[in-house]
Each structure stands twice: as C-alpha cells, then as structure tokens.
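Data block below; observations after.
Derivation of every value follows stated rules applied to the coordinates shown; laboratory data play no part. The structure presented is a predicted model; accordingly, all values stated were derived computationally and were not measured. Neighbour counts run over all protein chains shown; Cβ positions are idealised from the backbone, glycine included.
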Amino acid sequence: MKFGKYLEARQLELPEYNGHFIDYKSLKKLIKQLSVPLQPAARNSPSLLCNLDESVIQQSLQEHKASFFFRLERELEKVNEFYLEKESNLKVKLEILQSRYEDCKKRGKLASKESVSYKHLRDGIKKFERDLAHLEQFMELNRTGFSKVLKKWDKRSHSHTKDFYLATVVSVQPIFTRNEVAGLNDAALAMLMELNEISSDERPLLYSVETTTSLNSGAFTRVVEIDPVLPPPVNSANSSKSGSVSQPRSNLFDIEMEIEGWYLEVLSIGRLKDEQPRYDLLSSFAKHKIQAFVKDYVPQTNVDKNLIIKDALTKIFVLLVGSKIDDASLKVFLESAYPNIDLAYSDEDVVFSRRSIFHEAAICEFYSRAFILREALRQCSESFLQGEILRKLLNAEDIHGRTPLHYASELGKIEFVQCLIESGLLDSVDVLDNTSKTPLVLAVINNHIEITKSLLVDGHANPSPSVDEFTKPQFSPLNVACAHKNYEAAKLILDIGNIDLSAVRDSQGLCPLHIVAKNGGDAKLVELLISRGADPNGVDGFNRWTPVFYAIQEGHANTVEELLRNGARLNISDEDNLSPLFYALWEGHLSVLNMLQKYKNNIHVHSPKFSDTQKSALLADDVLSATDSLNDIPDFTLPPPIIPLRKYGHNFLEKKIFVKLLFRSGTGSIVLNKEDEMVLSSPGRITLTSNVSDLIPRNVILPIEEDDEHVVVFQINDVTNFSIDFEVFPSFGTRLIAKTTAMPTLFTNEMSKPSNGGHVVLPLFDFRLKNVGELILDYKIIFPYNGKPLEITKYETYWKSTSGLDGGKGGHHFVTSSSLCGRYITLFVSPLNDGTIVVSPKKSIAVGDANLILMDLSARQLEQITGNSLNDVPEISDEESLKKIVNSRFLTLSALLEKIPQGIQLEIEVCFPTTCEIESVPLKLSPHVDINDFIDCVLSSLFDHVRKLYNKGSTSSIVFSSCNPQVCSILNWKQPNFPVLFHMNGLEKNGDLFEKETPHHLSYLALDKDKIDYADPCSRCIREVTQFACHNNLLGVTIPLDLLRISEELISEIRCQGLLLIGSTFSSEAIPSDWTEEDINGLRTDTALELKGSIDM
C-alpha cells in the first residue's frame, strides 16, 4: 500500500491523533507546486508539470529549497509538541495507577482476581498500555513520513539531502530520541505482573489499617479477616434476634471492603436455582445486611447514616449491573433498596472510566438491563430525577468516547436502543467514539439489522456523513455494510439516504462497489449497488482500478461473474498496463481463471515486449514496507557473499548448516493463554539469541505483514550443540513478557525425518516460570554438500557476465549473458526406499491393478517387477536414443551417466514429495530416505560424471529443476556450479479448464481424493513462485505456456524480476510449433528443455 493512503487509514483508527501527524499529503503537493517555475496560480496544472523538462524541475526545486524545508520544520515542530504533551499525560496516568495500586495493596483489596479492585486496576493498566501502543504508532508513522517525503524531495530535485537531514535534524528530536515511553511501558508491565502475582494467592489476605481517619473523610476501617465470598462476620440483625441490644462495637472498618463483600454475597444469592428463596433473600438484603450493619457499626456523629447507606447500595447496584445476575433478580434488588439507589451516580474515575450506571447497563452483554433506563425515565417524569441531569448522563462519553447508545448498538440490545431514542433526551445519535465509529456503524458491523433500522428511521442517524479536511475522519455506514457483506443494512441505508455512490469513498479511496468486489459480496449486493447508480467500470482513488480488478485479485469467482453480467469490462488495463486477467494468473485463482475463459473473446489488451531497462510494475516507489528504515543495513538472511548473490545465492566455500525458521503472519506465532492475555502486554517483537557466540541476535518485529518474508536464518557449524532462546518483548520497553528455548534435541530429532524440518510448538514461560502460552513456528535444516565440490576456477559455470542494473528483487546483479543454450534432455531422478537413486519414466509403477510409488520399493523389488537390471543401460548414440531409453526403463543415475555420450546436455528434475503430498496422499517414506542425503547422492553422481568428462577434455551443461520448493533451496545452497529452476506444476488441464493437482501429480494414488491438501506453497500462485525464486536466488522459473499465453503482461512482469522464464507443456500435450514467437527464454516438455539461442536476460 502506498504510504499516503496507509497514513490516512491509520489516522482513521487513531482519531485522537488526527491533525497532529505529519501532513504528508500537503508536503507532496508542495513539492509538486515548487517544481513549476511559474506563478502559484499556474502551478496546479498537471499538464504543465508533465511537459516540463527534468532539468527545469530540478532547478526550480533547488531555487525553492528554503520554502520546502521551512514547511518541513514546522511539521516537525507540530509533531514534537504533541508528542511531549501526550508523554506528559501518560506520566500522570501512570502515577495515578501506581498510587491506586499501592493503596489497594496496603488495604488488602487485591485478595482475589474476582475482587472489584483487581478488575478496575487491571482494566486501567491495559487501557494505559493501549494508549502507549497508540503513541508508539504515532511515532513510527511520523518517522516513516519524514523519511518518505525527504526521499520524494531528493528524487524530484536530484539532490542527496535525505540521509543528512534525517541524521542531523529529524532523528535528534525528542519524539525519536527519548526513552520515556519504553520506561512507562516497563513500569506498567511490572505493575501488571505483580498485580497478577498478588491476586493469584488463593488464601484470603489478613489486613490491618493502623490509623483511622475522621468520619468526615468518608473512610472507615476495621480489623477483620476478609473472605471475598463470605458476608461480614458480624450481623446486627442476628444479634437482635437473640434479644440483645445492638451497640456499636467498633468504629474501625473499611466501607469499601464491606461493599465488595456485600456485592459478592448478592452475586452468590443470584446464582441460587430456586426462584422464590432467591427473591426473598434479595428483597431483604438491603435492610437486614447493609442498613443493619451501618446502624451497628457507624457511631453517632455528624455523618448522616442514610447517606452512607445510599452510597453503599448505589455502588453495589452499579457493580451488579455489569455482572451476570439476571434482570429479574436485579430488579427485585432495585425495588427493595428504592429510594436508596441513586441512578444519577457516575464513576468517580475520570481518568480510566467515566462511566455512568447507564454505560454499565448498556455494556452488560448477558442481559437487556432496559428496565434500569425505564426506571430512570419514570423517576424523571415524577421529578425525582432531574431531566437535565438524566440528559447529561445519557449523552455522556466514557474514556473510550462512547455513550450508552454505542454499547447497546454494538451488543444488539434493541429494547435498550429504542428506549434511548424514544426518551427524546439524546442530543445526537451520530456521536463518534475514539475509533471513529458511530452507533450506526457498530450496529452494521455486528449485523444488528433491527437496531440499524431503528437508528435510521427513529433516531434519524445520518446514513452518509460528509467528510472533508475540516471534519473528523469517520467510517461511512454504507462502506462498512459493503465490507461486511451486509445486504440488509446496505439496502436500509440506500433506501433512507439519497446517496451518490460515486462520491462515497473509504480512507483508501475505494467506492462501495469496489469494497464489495474486494470482500466477495454476493449477487444481491452487487445488483443492489449497480441498481442504485454504482458504475461497474468506475475507477477507485487508490489503484485506479475498476471493481472487477479487486474481485479477481482476491479470487471471488462468483462476484467476478456477477460484475461481468452487469456490464463490467475485461478489455481494460490499469495504470501499470496490467489487465484483470493478469491478476487472476498472478494470484493463481483457478476458479476465476476458468470462469473468465467464457469471456476470452472479450479480452484483448496490448502489452509491450520486455526490455532490459523495464522495471516491475508491482514494485512502486512509494510502497510502504516494514524495512523502509533499514535500507542501508545489510541483509543477514543469506551468508555474506564472496561473489554476487545473483550468481550463486550464498558463500559456497563455507561448510555451514543452514537453519531456517518461518514465523506466521501477524502475531500468529505467539498464542497466549486466555487468562494471561489480560495480564501480559501485547507482543511487539521476538528476540532470537543463539548459544553460538559469533551469531548475531535477530529480532522479529510484530505483527508481521502478510506480504513480508517472515524468515530468520542461522548458519552454524554443528546442529547437535545448537540452541535458540526466544524472548518476547512488548513494542516498547525491555520488560520480558515470556521466554522459551529450542534445545539441540529438537533439531537433532528432526534430522531423522525425511524432510529435515517440521512444525514445532514450544511452551512460553514468564519470569515466574509459569506457562503463559505457546510459540508456534516451522523450520527447515539444510546441510552443506558432504562431498568434494566442483571448483569454479576449473569447471565452466553457467554464467558469463553480469550487470548491476537495479531491476531485480533487492537490486541484485543480473545474469545478462549465459552459457545456457540448446536442448537439455530431462531426467526424472527420485530415490527408492533403500536410498538408491534412479532415473524413471514415471513416479509410480503398475503391478496388476495397483499403482506402487517408487519410494515404496527397493532396487531389488523394482528389478523383479520390471524384469531388468537397473544397471543394465543400453547403448546411447544421440539425444533421441537417450529419450527413448529414459522414457521406457528404470535405471540408476550413476549407471546412466556412465553411458551418456559427450555433448548431450541434461536437465535433472529432482523429484521428492512435498510435505502436503506426504501427509495427505499419504506417502510413507523409508527411514533410509532423507532429502539432504538424497540430494548429496545426486550431486555426487553428477560431479563424478562432470570430472570424468573434464579428464577426457570435454564438458557437460547441466540444469537442475524441481517442483518442490525445498529441493530448489537445498540445491542452490549446496552447490554454485549449476543453475536451479523452479517448476510450477500444481495444476493440470482438462479441456479448456484448469484444475488443481499436487506438485508431482500424485492425486491418483490418494486413498481419498477429497482429503488431498493442495495448499503446497508455489504450486499455482505465480506471485508466490516469483517471490520464492527471487528470495532464494534461483536462476529462473518454469510456468505452463498456456498460462503465459493468456496474458502477455505476465511474461514481462516475471522477467522484470530478473528471472529466466521457461514455458512448459502439460502431459501428453503436443509441442506448439510457434512457441519461439513468445517472449520467453525456452520451452520445457515431458522429455526435454529447449532454450532459445544464447540466454539474454
């Protein structure tokens, strides 16, 4: 996503920071205006800017340099001032929390996690941590904004001020240098952990308050052992029954502790199954418990006992409102305590709560609680409760900016919502909360149609609020309905509001129909929007795409078809000259692709041929990346190269073991226990530290973006002594959240598995060694080649020259000229269950009615079935005779290589089942078969073959390929001499339709085809294939020619990544005679790989 749009979207989620971010949009506009050496009135003409020479733009910007940097410095001042203000506010909040915590701990109010004090403190600390997280996002977004806008200035003015200005002006500002936020986060987390530890003690705490305060202060203390589930030990009502005269026994007690005890006792009564005893106890509780207690314990002073009773009953009632006690029981309690319950009560905590009784009633997710609002309205009508006070309470906003209407709408409490609206006391039903949502938006999100209708019809909610630069950003109800595929809500909004659908945009510039297309809305919703004026061919303000682009990119075949039925065009291209069909191929959505085949006659978009200087259309200059601030830091995911990585992919001279750890996107790799989620801070980063002293610790920043490569690589000498410590920290601060360790046994045990990798779940422990969750990740181990490698100075490599063109992924050097040319005969190489390496015409063999996979057979068993010796190789005279032999016989690789004449070039397709094939076909692999050892054996046979040819004065050109991504990674890691191609093979063709298939086409062997897992990475998605090839420094990829021919842009886009592109045919498909006319580097069939002339990439 472009940073400008991303910043707008984030401001919508952080409305309290709105207006204080860097004005990125205005600064970009200023650069554009200063680029034109004319009067300001003429500077907004886009045609003038396009026609200007670059040198004129550069000169104009240099002349107005002072104007730009003056404006930039004002933005920096604005951001700094707001940061310092927020930091000061957070310090005050922390002091308040710490003071309350110390007070509660001293007075013994934290005896249980069920105690009210514990819950209030915990919620306050969590709210404080969320505030810190928002401030952190504010800091990072502004840091990126200044970097981006300076990069834009340098690009347009041809200057080099970015790095210097960032280092000397931006980075030294308080917002980017102060560590107070980290300290605040550490202090909050420490308090939260200590709070949890104190309240985990199952024994009730014995507390004592040494000093007493005057009755006027409202604080009463008593020495007593507090049990949160038992009533106070002394009951004046009981003593009166015995006939004794009630006398005040002590003036030492804590009324707040008594209130909490009474609240817990009422909760216990409310859980009684028998209705009549429950109601009887509740109706007598106020009189026999609370009033009797106050009479017995409060001395006759100038404090009105009735006020104490009223305050106690009101606070108990407020606590009960948010609890699980049912409405009927709570109503009995209210009626029995009336008029001693003050419905005008509001929480005294203005920093972390600010909630009234009506907030608590609306928040209760268990019961309606509408009777409380009706009772307040009754009291108001009888002048017992002032109308103006009630109006203020119903419109009051809590700490989250929400009124009672927000909570009732979100939870679907229709009776409560209608009562609020009918009261006539609401100033507005369109109040924005701190997340820029109105009650209507919350009702739509949660699919509460009745409430949506009530708000629109009875409450006159605004169905289409206008948003401009002078108003707060907010969510459009219609856009929200479209995003949640809520047809009923969308229809209500359109029926009531006179909405121009072309003018409704979300923060990213998407119109409602675009949003529906992106989220896969059904036919009814698509038809509704188009019938109300939505243009099926209208472009959005983000990608300049029509809706069909989004539906195709996300793989929503039904939505695509519905758009096409309603007039959406396919013979169009976007600003990057890419068609909708391109995105269906790029993302690998076969259902969409098959559906579009019916419309292929309507698809024709001209695409330019590939040129050396052409860059990828999908790599925009202004794309937001998590690594933007790390551009100048070396990439440690691969070893430091001696020679360009684009040639070899690693330092092949070092005999290192390659350990790759793969983390899930978002925070999916860390799963905290539900009870600990409320206590622990949100994970912000994982630090990985190895026991090997010369390995640099690695950090994984959370959450991981969907498109980011979430891989950490270690290169080690010995896996048997290798361990990794995983430490989880919050985004800010150094306070450890949790920790775990991967011991050497984890890696050594996996060495015996065929795939040399696996899925691991490690327990997470906090500083008390309490298990608080799990760390989930996948890993792979690649061992170096265990034989003698080929010397690159002695044996010819596949590359001849390179270019430093910055066009490939990460700016790697390109192989611009190569020794690869001509025809390569394909040998399918796979292991038998005894470890023998064979060249086979197919991956299974028929025995009667059964198909046996080769990996289930030993060499001796295969010889018995075929009736031929695996080492008996017929004479090979030329390429054609070699083709016939490998297509009809099973032979060992070493024996076949012995007989292959000089001058025949070979493509070695290394066949080893993927993880999904092993688990879902399923395949049972022999303990003698290991992917690393298998590939080592293949390399040894080939290296011996090449050495023998060299001694005879000849050479052999060899290309490796595989449809298993792990095999390609291992081959490229173990040797630098021969190129590696990835073969995308996870589909097959049935007539004109494309169907899913396993990478090695093993579905016919499955016990149950419905249970086959087709989710192997890189099996159908060309985007994944291209990214994998670039990240692993492969020479190129093989893609079905039928796919490449559907969209010419696909060829250009793949080759722009610096990859060799080979087309492939499906099994038994005739070789197309015109394939050389395509702008690809070669063609691969079942028997051979043929390359065009010399390779020019």
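Overview of results
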{"read-out": "Virtual spin-label span in nm between ILE776 and VAL761, 7 Å along Cα→Cβ", "value": "0.8"}
{"read-out": "³J(HN,Hα), Karplus 6.51/-1.76/1.60, whole Hz, each residue of the stretch 860-870, x for Gly, Pro", "value": "5, 5, 5, 5, 5, 5, 7, x, 10, 6, 5"}
{"read-out": "Assigned charges on the beta-carbon of Lys, Arg, Asp, Glu; the stretch 3-199 dipole about Cα centre (debye)", "value": "400"}
{"read-out": "Burial ordering of SER356, SER894, SER88, SER858, fewest other beta-carbon atoms within 10 Å first", "value": "SER88, SER858, SER894, SER356"}
{"read-out": "Karplus-derived HN-Hα couplings along the stretch 422-435 (A = 6.51, B = -1.76, C = 1.60, θ = phi - 60°), whole Hz, x at Gly and Pro", "value": "5, 5, x, 9, 7, 5, 7, 9, 10, 6, 8, 8, 6, 10"}
{"read-out": "Gain in span if fully extended, SER55 to ALA190, counting 0.36 nm per residue against the direct Cα distance", "value": "42.8 nm"}
{"read-out": "5 angstrom amide H check on VAL838, placed H, neighbours 5+ away", "value": "SER830, LEU832, LEU893"}
{"read-out": "Distance (nanometres) between label positions extended 7 Å along Cα→Cβ at ASP427 and ASP933", "value": "7.7"}
{"read-out": "Under-5 Å amide H pairs with THR741, H placed in peptide plane, nonlocal only", "value": "PHE726"}
{"read-out": "For the stretch 553-564, Karplus couplings with θ = phi - 60° (6.51, -1.76, 1.60), whole Hz, Gly/Pro x", "value": "4, 8, x, 8, 4, 5, 5, 4, 5, 5, 5, 5"}
{"read-out": "In the stretch 831-936, the trypsin sites (Lys or Arg not before Pro) that fall in loop regions by DSSP, at most 16 other Cβ within 10 Å", "value": "LYS842, LYS924"}
{"read-out": "Computed E for SER665/ASP495 - FRET, C-beta separation, R0 41 angstrom, nearest 0.05", "value": "0.55"}
{"read-out": "Relative packing of peptides 426-435, 577-586, 447-456 - highest average C-beta neighbours within 10 Å first", "value": "577-586, 447-456, 426-435"}
{"read-out": "Nonlocal amide H pairs with ASP342, under 5 Å, H built at 1.01 Å", "value": "THR314"}
{"read-out": "Förster radius 41 Å - calculated FRET efficiency between LYS655 and THR161, Cβ distance, rounded to 0.05", "value": "0.35"}
{"read-out": "Net lengthening on full extension, ASN868/HIS460 (0.36 nm per residue, minus Cα-Cα)", "value": "138.3 nm"}
{"read-out": "Sorted by Cβ density within 10 Å, fewest first, the residues VAL772, VAL172", "value": "VAL172, VAL772"}
{"read-out": "The stretch 799-1091: relative contact order in percent, alpha carbon pairs under 8 Å with at least 6 residues between", "value": "18"}
{"read-out": "Cβ-derived FRET efficiency at R0 22 Å, SER502 paired with ARG565, nearest 0.05", "value": "0.60"}
{"read-out": "Sorted peptide list for 258-268, 1025-1035, criterion being average Cβ within 10 angstrom, highest first", "value": "1025-1035, 258-268"}
{"read-out": "Neighbour cut-off at most 13 other Cβ (10 Å), DSSP loop, trypsin sites (Lys or Arg not before Pro), the stretch 295-360", "value": "LYS324"}
{"read-out": "Low-density loop positions, trypsin sites (Lys or Arg not before Pro), the stretch 152-196 - DSSP coil, at most 15 other Cβ in 10 Å", "value": "ARG178"}
{"read-out": "Extension reserve of the ILE701-SER171 stretch, reckoned as 0.36 nm per residue once the Cα distance is removed", "value": "188.8 nm"}
{"read-out": "Cα-projected label distance for GLU73 with ARG374, points at 7 Å along beta-carbon direction, nm", "value": "6.7"}
